[in-house]
Amino acid sequence: MSERAESIRQEFQQKLGEVKEALELEKIRVEYLGKKGHITGLLKSMKDFTAEEKKNFGRQVNLLKAEVADAIAKKTVELKELELEKEINSMGEFDVSAPLDLSRGSYHPITLVQRQCENVFKSMGFAVEDYSEIVTDYECFESLNIPKHHPARDMQDTYYLENGQLLKTQTSAAQNAIYKKYRDALVNDGIPIKAIFPGRCFRNEATDACHENTFFQMEGVMVGEDISISNLIFFMKTMLSEVFQRDIKVRLRPGFFPFVEPGFELDINCLICGGEGCPSCKHSGWLELCPCGMIHPEVLKAGGIDPEKYTGFAFGLGMTRLAMMKYGIKDIRDLNSGSLRSLSQFTDDK
Ligand code: FA5
């Protein structure tokens with residue numbers, strides 16, 4: 001190798017050995033391999049050489065060029081690894097059991113609405129109960145005065161397990177168990193049964209802007225002596241005004257459910273369109289939100305409660321629809337979409 005090329009090589013190796021960061025390395029690359037760099041300079045210096053000299057010298061310079069480029073590439077990898085190691089060391093230890101940083105996520109709108117409803121009812125002395133999503137035919141239908149082949153079952157087709165159990169179509173499926181749990185306190189100590197039980201429900205039905213095959217309801221019951229429709233209306237109104245924090249137009253109309261008598265449909269004025277009519281309310285201006293009624297004597301009897309002595313009301317709030325109204329969500333399907341872009345808007349209410 002020519003003296004000039006050899007001295008460039010040694011000088012390069014020395015400088016490369018001293019490099020500590022990527023920026024310095026880039027400067028060296030330009031200094032040696034750039035258009036005006038030392039190695040390019042060597043190639044340019046060949047212009048007055050003979051053909052033979054050009055061939056020899058050119059080969060040496062090209063080897064040097066490859067050596068320099070290779071050394072720079074290796075140094076680049078080395079520096080990146082060092083950088084990564086530095087970053088890892090600066091992070092400290094990683095604790096897998098540390099609580100999640102929730103400021104990065106958000107609660108689902110249904111969770112928010114469920115908590116609001118629970119707080120309202122808890123403040124009025126209701127117990128909050130949890131119940132299974134897989135139930136028996138007795139719990140979901142028979143105990144609710146819906147015997148086999150009753151036409152009311154047509155409205156609530158669902159998903160059946162091989163053992164005959166089913167995914168519950170309504171939170172009413174927990175009523176029987178709740179009566180049995182609290183009846184002794186009612187009968188022996190005169191403590192009225194006051195419970196709400198939110199839960200996920202499933203129905204085998206076509207979906208549209210206001211129907212999903214998986215949705216949430218919140219059931220509520222109150223049983224005691226002299227419980228009347230006035231009590232029912234009071235609790236419904238209180239809950240709605242607390243959740244919406246403003247006056248909401250509601251209407252009560254007769255509704256048929258085999259487990260209540262009399263039964264009502266409580267509708268609220270659609271808050272998406274202000275009552276004008278839109279896909280969210282099936283263009284009626286009203287949204288079925290909370291069917292309710294006075295508990296049927298047969299249902300109380302099935303729960304071990306004497307209907308001659310005790311009366312009660314029950315309601316089945318459509319919590320998914322309540323979340324839609326509260327947060328102005330036009331299509332119910334957005335709630336099960338898992339779309340973080342849509343759902344993360346509700347962080348503030350945490
Ligand atoms: C029932 O499920 C009764 N168990 C409610 C009840 C309880 C009546 C206690 C009387 C006493 P319904 O099928 O109408 O009733 O459903 C109740 C509410 O759940 C509806 O008003 C609606 O808000 C909601 N809902 C029903 N089906 C769907 C669905 N496919 N998608 C979203 N929400 C639904």
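The values are calculated or read from the model by the stated rules, or taken from the named source; none is laboratory data. Note that the structure is a prediction, hence the values are computed from the model and not measured. In this analysis, Cβ positions are derived from the backbone assuming ideal geometry, glycine residues included, and neighbour counts consider all displayed protein chains. Surface accessibility is based on the protein's heavy atoms, side chains included, excluding ligands, DNA and RNA. Shrake-Rupley method; radii C 1.70, N 1.55, O 1.52, S 1.80 Å.
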**OP:** Would you be able to say whether some residue in region 276-285 is open to solvent by less than 50 Å² (accessible area, probe 1.4 Å) and within 28 Å of Leu167 (Cβ to Cβ)?
**Re:** yes
Original post:
Being open to solvent by less than 50 Å² (accessible area, probe 1.4 Å), aromatic (Phe, Trp, Tyr) and either closer than 19 Å to Phe256 by Cα or not assigned by TED's automatic domain parsing to the domain that holds Asn204 (or both), is that true of even one residue in region 109-127?
Top reply: no
Original post:
Looking at Asp348, Asp306, which is the one that is of a type outside the set (Gly, Ala, Ser), more than 16 Å from the ligand (Cβ to nearest atom) and modelled with pLDDT under 95?
Top reply: Asp348
Original post:
Residues Val221, Val187: which one is within 24 Å of Glu139 (Cβ to Cβ), of a type in the set (A, V, I, L, M) and open to solvent by less than 20 Å² (accessible area, probe 1.4 Å)?
Top reply: Val221
**OP:** Only residues that are surrounded by fewer than 21 Cβ atoms within 10 Å (Cβ to Cβ), within 32 Å of the chain's Cα centre (by Cα) and among the charged types (D, E, K, R): list them for region 233-275, please.
**Re:** Lys237, Glu242, Arg246, Asp247, Lys249, Arg251, Glu265
**OP:** Would you check which residues across region 60-107 are at pLDDT 90 or above and open to solvent by 100 Å² or more (accessible area, probe 1.4 Å) and list them?
**Re:** Leu63, Lys74, Lys80, Glu81
Original post:
Can Ser339 be described as over 24 Å from Gln116 (Cβ atoms), among the hydroxyl-bearing types (Ser, Thr, Tyr) and loosely packed, with under 15 Cβ neighbours inside 10 Å?
Top reply: no
**OP:** Can you confirm whether region 143-150 contains a residue that is on the phi < 0 side of the Ramachandran plot, assigned to a helix (DSSP H, G or I) and under 28 Å from the mean Cα position of the chain (by Cα)?
**Re:** no
Original post:
Can you name the residue in region 190-212 that is open to solvent by 50 Å² or more (accessible area, probe 1.4 Å) and not in a strand (DSSP E or B) and, of all such residues, is farthest from the ligand (Cβ to nearest atom)?
Top reply: Gly190
